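Peer 1: Below is the structure I would like to discuss, written out as structure tokens.
The values are calculated or read from the model by the stated rules, or taken from the named source; none is laboratory data. Not measured: the values here are computed from a predicted model. With ideal geometry, Cβ positions are generated from the backbone for all residues, glycine too; neighbour counts draw on all protein chains shown. With ligands, DNA and RNA removed, areas are computed over all heavy atoms of the protein, side chains included. Shrake-Rupley method; radii C 1.70, N 1.55, O 1.52, S 1.80 Å.
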Amino acid sequence: QVQLVESGGGLVQPGGSLRLSCVASGIVFRLNAMGWYRQAPGKQRDLVATISSGGKSTNYADSVKGRFTISRDNAKNTVYLQMLNLKPEDTAVYYCRIPYSDYWGQGTQVTVSS
């Protein structure tokens, strides 16, 4: 059974930072690309960043380039999203996903507000 469990969300002031984590089980993690997605209230779920199975290739939405960094530790079956200089428009539920699959985590709330 595939499970993706996110953590690390919370309330942060504009300009602050957070690091999200997603631990995967039930898959051969090192063979799978991974991605972070987000969904703001009333909006569709959008891609934030992806990382290749070996971690050498990454891709980012234009809105987060230069502020967010996706990384992974294959020994820990974990993918991370380091978020810097957070803005109110980054407020959303953030989800971990195996790209092009139906496997999603339960999501973690990120709220950026003063």
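Peer 1: What's the magnitude of the charge dipole for the range 66-114 around its Cα centre, counting Lys and Arg as +1 and Asp and Glu as -1 at the beta-carbon? Answer in Debye, nearest 20.
Peer 2: 120 debye
Peer 1: Okay, next question. Under the definition of Cα pairs under 8 Å and six or more residues apart, what whole-number percent is the relative contact order of the chain?
Peer 2: That works out to 37 percent.
Peer 1: Using a simple charge model, +1 on the beta-carbon of Lys and Arg, -1 on the beta-carbon of Asp and Glu, nothing else, what dipole does the chain show about its Cα centre, in debye to the nearest 20?
Peer 2: 200 debye
Peer 1: For the range 22-28, what does the Karplus curve 6.51 cos²θ - 1.76 cosθ + 1.60, with θ = phi - 60°, yield as ³J(HN,Hα) per residue in whole Hz, taken in order and with x for Gly and Pro?
Peer 2: Once rounded to whole Hz, the list reads 9, 9, 9, 9, x, 9, 7.
Peer 1: What list of ³J(HN,Hα) couplings, whole Hz, do you get for the range 4-18 from phi and the Karplus terms 6.51, -1.76, 1.60, once you set θ to phi - 60° and write x for glycine and proline?
Peer 2: Ordered by residue, 3J(HN,Hα) equals 10, 10, 8, 7, x, x, x, 9, 9, 7, x, x, x, 9, 8 Hz.
Peer 1: Mind listing the phi-derived Karplus ³J(HN,Hα) values for the range 64-79, rounded to whole Hz, using 6.51, -1.76 and 1.60 with θ = phi - 60°, and x for any glycine or proline?
Peer 2: Karplus-based 3J(HN,Hα) across the range 64-79 equals 10, 4, x, 10, 10, 9, 9, 8, 8, 10, 5, 5, 10, 6, 10, 10 Hz.
Peer 1: Just 71, 63, 101 to compare: in a GNM of the chain, with alpha carbon springs under 10 Å, which one fluctuates most?
Peer 2: Checking each option, the largest mean-square fluctuation is seen for 101.
Peer 1: Would you rank 110, 2 by solvent-accessible area, highest first, keeping every protein chain in place and using a 1.4 Å probe?
Peer 2: 2, 110
Peer 1: Between 28, 12, 93, find the one with the highest GNM mean-square fluctuation for the chain; connect C-alpha pairs within less than 10 Å.
Peer 2: Between 28, 12, 93, it is 28 that shows the largest mean-square fluctuation.
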